[in-house]
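Participant: Quick one: this structure, given as structure tokens, is what I'll be asking you about.
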Amino acid sequence: MATAALTRTEQLEKDLKNAEKRNTQLERQVSEGDQIIEKHKKQQSELLARYQSTATYGISGFAIGAGAAYLFQDDVVEYFGADSWMGYLCLPALGGVALYAMTRIKDPPSKPGARLDDRVGLLGLGLGLLVGGGYMSYTTWPES
């Protein structure tokens, strides 16, 4: 009976060691999972900040383009003369040039998306000039 109790104690000690090993493995897996979750949260917050920055560039570009079209339409028309179509189409054409310039901005091969803010800012500027200048030209076009 003493040997049976000793065998039972040895078995319990083996089970305890196995349980401790399993516990260590599970703790390591939980730690790795926590690291993955933290990395994901960090990437998500960086991506959100990037989206906000890019949206700010686009909105600011549009506001600047439309504001410039609103402020300078009369000066451009006066420069070219009220009878010339050049004065009315100059600012929308400038918006088209800004849109074309946006397509020429390339990212470095090592950093894709590095100049996204620049492209979106020019997109906003071009659209602002195009839409704002087009609207201002439409509203100030002389009636025949």
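Participant: Roughly how big is the chain's charge dipole about its Cα centre, with Cβ charges of +1 (Lys, Arg) and -1 (Asp, Glu), in debye to the nearest 20?
Facilitator: Numbers: 15 positive and 17 negative charges, 199 e Å.
Dipole about the Cα centre, nearest 20: 960 debye.
Participant: Angle, helix 85-104 long axis vs. longest principal axis of the chain, Cα atoms, 0 to 90°, nearest 10?
Facilitator: Approximately 20 degrees, to the nearest 10.
Participant: Where only protein heavy atoms count, and the probe is 1.4 Å, what is the accessible area per residue for the chain in Å²? Could you put the intermediate results ahead of the total?
Facilitator: Numbers: 10920 Å² over 144 residues.
Accessible area per residue, the chain: 76 Å².
Participant: Oh, and also: Please report, in Å, the Rg and the Dmax of the stretch 102-143, where both are computed over Cα atoms only.
Facilitator: 15.6, 55
Participant: Do any GluC sites (Glu not before Pro) in the stretch 35-144 lie in a DSSP loop with no more than 15 other beta carbon atoms within 10 Å, and if so, which? Write out the running numbers ahead of the final one.
Facilitator: Values: sites: E38, E46, E78, E143; in loops: E143.
Sparse-neighbourhood loop GluC sites (Glu not before Pro): E143.
Participant: Give the accessible area for V97 in Å² (nearest 10); use a 1.4 Å probe, count only protein heavy atoms, and leave out ligands, DNA and RNA.
Facilitator: 90
Participant: Taking all protein chains as present, what is the carbon and sulfur share of the accessible area of the chain, in % to the nearest whole number, probe 1.4 Å? Before the final figure, lay out the partial values.
Facilitator: Details: 6790 of 10920 Å².
The value for the chain is 62 percent carbon and sulfur by accessible area.
Participant: Tell me the label-point distance for the pair T56, V30, using the 7 Å Cα-to-Cβ offset, in nm and rounded to one decimal.
Facilitator: Result for the modelled spin labels: 4.0 nm.
Participant: Follow-up. How large is the direction-averaged shadow of the alpha-carbon convex hull of the stretch 17-115, in nm²?
Facilitator: Values: hull surface 37.4 nm².
Its Cα hull, projected and averaged over all orientations, spans 9.3 nm².
Participant: Another question, then. Modelling each spin label as a point 7 Å along the Cα-to-Cβ direction, I'd like the H40/E10 distance in nm, to one decimal.
Facilitator: Roughly 4.7 nm, to one decimal.
The values are calculated or read from the model by the stated rules, or taken from the named source; none is laboratory data. Note that the coordinates shown come from a computational prediction; the quantities given were computed from them, not determined experimentally. Glycine also receives a Cβ, built like all others from the backbone with ideal geometry; neighbour counts cover every protein chain displayed. We work out accessible area using only protein heavy atoms, side chains counted, and drop any ligands, DNA or RNA first. Shrake-Rupley method; radii C 1.70, N 1.55, O 1.52, S 1.80 Å.
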